[in-house]
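Enquirer: Please find one structure pasted underneath; my questions will follow.
Computed from the coordinates by the stated procedures, all read-outs in this text should not be read as laboratory data. In this text the structure is predicted, and so the values were computed from the model without any measurement. Neighbour counts run over all protein chains shown; Cβ positions are idealised from the backbone, glycine included.
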Amino acid sequence: MAMKWVSAAADNPGYSVWHSTPERDPNVQYIIRQKRKTRDFTPVGWIVYVRSSKTEPLRTIYGPAATLKEAKEFVEDWEKIHGQQED
């Protein structure tokens, strides 16, 4: 099943941010983030982060992805692998 992504850009000025939590574990959170383009800065890509609990700091697991779609596809594949390991 495809993960549901929610924009959190309003809470993160200067960044485009999306997050999702898999159904298998409500404590896990994936975040995809890219700094927005400005006159002095051009983004290099989207970075994918994960945390296994609400108190854990973010860990980078992929990036830079050229597109948001590529980053989301990586997370979907990552979840398939990790979801199978827990079965």
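Enquirer: Sort 52-62, 14-24 by packing, meaning the average of other beta carbons within 10 Å per residue, with the highest value first. Display every interim value, and only then the final one.
Expert: On the way: 52-62: 10.9, 14-24: 15.2.
Result, highest mean first: 14-24, 52-62.
Enquirer: Under a plain spin-label model, where a point goes 7 Å from the Cα along Cα-to-Cβ, how far apart in nm are residue 3 and residue 81?
Expert: Distance between label points: 1.3 nm.
Enquirer: Over region 6-86, what is the relative contact order in whole percent, taking alpha-carbon pairs under 8 Å and six or more residues apart? Don't jump to the answer; show the numbers that get you there.
Expert: Values: 128 pairs, mean separation 16.4, N = 81.
Relative contact order of region 6-86: 20 percent.
Enquirer: At 222 nm, what value in deg cm²/dmol follows for the chain if DSSP H runs of at least 4 each add -39500 (n - 2.57) and the sum is divided by all its residues, to the nearest 500?
Expert: It lands at -7500 deg cm²/dmol.
Enquirer: Less than 10 Å Cβ to Cβ from residue 16, Lys/Arg counted +1 and Asp/Glu -1: what total charge do the surrounding residues give? Numbers along the way, then the final one.
Expert: On the way: positive: 33, 35, 36, 37; negative: none.
With Lys, Arg at +1 and Asp, Glu at -1, the neighbours total +4.
Enquirer: Same structure, new question: Can you pull the one-decimal nm distance between simple spin-label points at residue 56 and residue 69, each 7 Å off the Cα toward Cβ?
Expert: Calculated label separation equals 3.0 nm.
Enquirer: If you plug each phi of region 37-53 into the Karplus form 6.51 cos²θ - 1.76 cosθ + 1.60 with θ = phi - 60°, what whole-Hz ³J(HN,Hα) values come out, in order, with x for Gly and Pro?
Expert: Going residue by residue, I get 5, 10, 4, 9, 9, 10, x, 9, x, 8, 10, 9, 10, 9, 9, 8, 8 Hz, with x marking Gly and Pro.
Enquirer: Pick the calculated Cα extents along the principal axes in Å for this structure from (i) 66, 35, 23; (ii) 39, 30, 18; (iii) 48, 25, 20?
Expert: For Cα extents along the principal axes in Å, the calculated option is (iii).
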